[in-house]
1. Name the long-range amide H neighbours of S294: under 5 Å, sequence gap of 5 or more, or other chain; modelled H, no Pro or chain starts.
2. When the Cα centres of region 62-88 and region 304-322 are compared, how far apart do they sit, in Å?
3. Give the order of F312, F210, F83, F257 when sorted by the count of other beta carbons within 10 angstrom, beginning with the fewest.
4. Please order D388, D84, D39, D186 by the number of other Cβ within 10 Å, starting at the fewest.
5. Before anything else, pin down the relative contact order of region 259-390: Cα pairs under 8 Å, at least 6 apart, normalised by residue count, whole percent.
6. Please compute the net charge surrounding Y335, taking Lys and Arg as +1 and Asp and Glu as -1 over other residues with Cβ under 15 Å from its Cβ.
7. Among the listed pairs K339/K373; K188/K233; K314/K339, which are separated by more than 22 Å between their Cα atoms?
8. Would you mind calculating the gained length between L318 and Y355 on full extension (0.36 nm times residue separation, minus the Cα-Cα distance), in nm to one decimal?
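Nothing in this text is a laboratory measurement; each read-out follows from the coordinates by a stated rule. Since the model is a prediction, treat every value here as computed from it, not as a measurement. A quick note on method: Cβ atoms are made from the backbone with ideal geometry, for glycine too, and the neighbour counts reach across all protein chains shown.
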Amino acid sequence: MKYILILFVLFSITCTKVEKQVEFIYLYCLKESEIFNKDKIWERLDILQVEMIENSDKPNNYFLLCKEKSEKLLHRSDSISSFDLDKAIYLAKRAITIYPLQNYYIRLAELAKKKANYSIVTNCYRLIIKQEISLWTEKYSDNLTYEYYKYGLLSNSLYDELDYLLYKDSTGILEKFLKDDDILKDEKTSKNVKNLISLKQIESDTVKCFEGLLTFIKDSSQNIQTNQTSICKFSYDRDYDEGPNYDLNYIGLYQKFFANKKTDFNKKYCEYNFSNKLKINDSVIAITYKVDTSTTACPSSFRHIFHYLATFTKTGKLIQYQNIGYQDGTKLATYSLDKSSIEIMYYTRNWRNPYKNDDFDNLILNTTVEKSKKLKINSNGTIEEIIDEI
């Protein structure tokens with residue numbers, strides 16, 4: 001009985017020590033939701049690097065404990081991946097939360113491929129390809145870049161990267177996709193790749209590209225009316241089944257014809273809606289379009305939407321463009337267009353509290369008319385203000 005009691009005490013002490021050690025390891029770990037957050041990863045690696053430099057010669061230091069624990073988790077993940085893939089992915093993520101190494105992310109990506117969870121694959125490769133973690137110095141295979149774009153397309157998560165495939169890639173990634181079984185057996189992705197290749201081929205031909213833009217814009221009505229409600233409407237739907245011209249306003253193929261570029265606005269990108277095309281004469285074409293620079297997921301009354309009228313030659317050369325309407329915080333302007341005549345009404349929006357674009361509890365009290373302005377599109381495509389004679 002005496003010996004049993006001693007063994008029980010020793011076992012209890014050992015268990016308590018192990019529990020405290022495990023608790024210590026997880027003290028500063030990443031959350032699962034943070035494993036693709038480059039800032040959080042950097043903070044975690046910074047802690048481990050300091051521990052490695054300052055305390056690596058001490059037994060059971062924090063760095064060694066974390067390294068050992070993460071290796072065990074990854075080894076266990078490998079050992080069960082053939083019969084319990086979900087648990088294997090979970091354990092790989094746990095290993096990363098403790099020690100976010102580049103090769104751990106590569107391993108997680110390999111597991112996620114088997115599960116067809118391509119968004120995880122893309123996120124893993126993004127951190128490496130984009131060199132978002134500068135403490136990672138390991139080399140990666142050239143094929144990783146190809147796989148990043150491949151699985152990004154399969155997961156529909158490369159909206160900001162399509163410009164690269166269209167205009168900057170010199171390695172023929174798009175053409176390689178057409179020989180990839182994973183791409184070919186996914187009907188939607190295969191179709192999108194063929195569309196992108198078609199777009200890439202016409203991008204260098206300005207006249208054909210402009211003709212494509214005119215084909216893309218369906219509305220050719222000669223009369224347009226907007227009001228205080230409709231001026232903030234904007235289509236955010238990215239439909240990948242629209243045919244060869246899907247989502248062109250977003251990926252930038254037609255942006256080159258317009259004066260408003262991404263760099264004009266204080267955000268990573270701006271969204272376009274191409275609204276209407278008007279034939280002024282055989283030599284001049286006008287296009288109305290909208291640009292959205294709103295805060296993500298804001299209510300419609302907080303959107304910052306700008307409407308423009310642009311005139312072009314029939315070959316796509318920009319003649320002139322003019323802001324004809326907007327909703328922008330305390331300012332608002334609506335317009336009506338009848339063939340080549342435009343009338344703009346300007347308003348002030350009065351808010352309960354001083355306007356801030358992220359104060360969604362704020363309310364509009366009323367709107368007051370400020371002034372009006374009339375414009376006309378001349379036969380040469382220039383846009384001129386009409387001054388009423390007194």
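1. H304
2. About 57 Å separates the Cα centre of region 62-88 from the one of region 304-322.
3. Values: F312 24, F210 21, F83 8, F257 17.
Exposure proxy ranking, most exposed first: F83, F257, F210, F312.
4. Working: D388 6, D84 13, D39 9, D186 16.
So the ranking, lowest neighbour count to highest, is D388, D39, D84, D186.
5. On the way: 278 pairs, mean separation 23.4, N = 132.
So the answer I get is 18 percent.
6. My count for the surroundings of Y335 gives +3.
7. Values: K339/K373 16 Å; K188/K233 29 Å; K314/K339 18 Å.
From the list (K339/K373; K188/K233; K314/K339), the Cα-Cα distance tops 22 Å for K188/K233.
8. Details: separation 37, 0.36 × 37 = 13.32 nm, distance 3.53 nm.
Value of the extension gain: 9.8 nm.
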